[in-house]
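The values are calculated or read from the model by the stated rules, or taken from the named source; none is laboratory data. Keep in mind that this is a model prediction, so the values were computed, not measured. Here Cβ is always computed from backbone atoms with ideal geometry, including for glycine, and neighbour counts include all displayed protein chains.
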Amino acid sequence: MEEKKDVDLSFYKVRSYSSCLIKGFKLFADNLWTILKSTWTSILLFALCVAVCSFLYRPLARLVFTFADPSSLPYFPQMLFGILLVFLFVVATLASAFFGGQLTVLVRNYVQTGHLQYTGKGRLVKAAMEPSGKLLAFDFIFLIKVAVLSGVFHYFVGFAWWSWFWDVLLILAVFIPYTAFVVSHILDPKACKFSLTSIKDLYKSWGAWSAVFFVSGLFCALCAVFFSMPSFVLLFARSESFFMELGGDLTDLPAAFNVMQLLIVFLSSALSLFLFTTMYFSLLFMYGSLEKKKEEIALYEQEQQRLMQA
């Protein structure tokens, strides 16, 4: 009973936006090794797929800019080239979803015990399958929803210069409540049900979710760009070498450049994905704050009704 009290005080507590952000970043900083030990397989797989895709930049650029037959490329035959790109994209998507599933397992343990706990690789992989599948399904549903709403609007209005405002408003009006619903459902599937009441509550807390989401997301995006700057420089050098080759200069980059490109893109992708944990944890504490606030409002209303009846 005492353990439940400690958990309630540490997680289910009304917090300000800045407090949710600070708690999320602090939880990430205090448990770096536990998070890395639990998610390193999905991080490495995602980073490897991105690194290999960057290595395919040159044959892909040659295909796009020269309209060459992919079967004539020295790297891959036509069918294998397309299959490999699709395969890498699918594996990277699955790896990122599994990364989210592994984080969800850690978060659920944190809500119950008050601290992040490594449960073993076998048990963690088995427990992460369910939230990973839900994350993939939620992403697919969101893409279909946005595509349908945006497609219907542009079908009747067209693609005027001001029409992109609709796309921005659509993302703000749909994405933030949808993200809140996904986080709530992933953390507590039994308590979060899809209904008109839950949708109304999500839009009531739109400001809180959007504040935490955009601040933490902006931080993660800026860090991802910073980590990716060396990769951008190498890809720029790769593209310049390709265009010089089209101009008749057959001087190619040294073989060590390919190894350096693979390593740098691999590291930048791994760090970028790993750092997005801070946004997930910040949204986690916002969920706990809103749940505690709803509980206090419900208790206050019950007390008011009791006093009126007395």
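For the reader, a short list of remarks on this structure follows.
- When each of L48, L32 is tested for being within 19 Å of the chain's Cα centre (by Cα), of a type in the set (A, V, I, L, M, F, W, C), within 19 Å of L262 (Cβ to Cβ) and at pLDDT 70 or above, the lone residue that passes is L48.
- Among the residues of the stretch 79-92, those that are surrounded by 15 or more Cβ atoms within 10 Å (Cβ to Cβ) and out of contact with any helix residue (DSSP H, G or I) (no Cβ under 6 Å at 6 or more places or on another chain) comprise L84, L85.
- Check on F281, touching a residue at least 24 places away in the same chain (Cβ under 8 Å), among the hydrophobic types (A, V, I, L, M, F, W, C) and farther than 30 Å from R238 by Cβ: yes
- Test result for V152, surrounded by fewer than 16 Cβ atoms within 10 Å (Cβ to Cβ) and farther than 30 Å from W33 by Cβ: yes
- Failed condition for T119, given (1) under 20 Å from A97 (Cβ atoms); (2) surrounded by 12 or more Cβ atoms within 10 Å (Cβ to Cβ); (3) at pLDDT 80 or above: (3)
- Sole residue being over 21 Å from the mean Cα position of the chain (by Cα), assigned to a helix (DSSP H, G or I), surrounded by 18 or more Cβ atoms within 10 Å (Cβ to Cβ) and modelled with pLDDT under 90, chosen from F213, F242: F242
- Filter pass, R108 being over 22 Å from the mean Cα position of the chain (by Cα) and among the basic types (K, R): no
- Yes/no for S163 being in contact with a helix residue (DSSP H, G or I) (Cβ under 9 Å, 6 or more places away or on another chain) and closer than 28 Å to K294 by Cβ: no
- Residue identified as touching a residue at least 12 places away in the same chain (Cβ under 8 Å) and either more than 26 Å from S19 (Cβ to Cβ) or surrounded by 12 or more Cβ atoms within 10 Å (Cβ to Cβ) (or both) among F226, F236, F257: F257
- Selected residue (only one of W209, W164 is among the aromatic types (F, W, Y) and within 30 Å of L106 (Cβ to Cβ)): W209
- Selection from the stretch 138-149 of residues that are surrounded by 12 or more Cβ atoms within 10 Å (Cβ to Cβ) and more than 13 Å from T179 (Cα to Cα): K145, V146, L149
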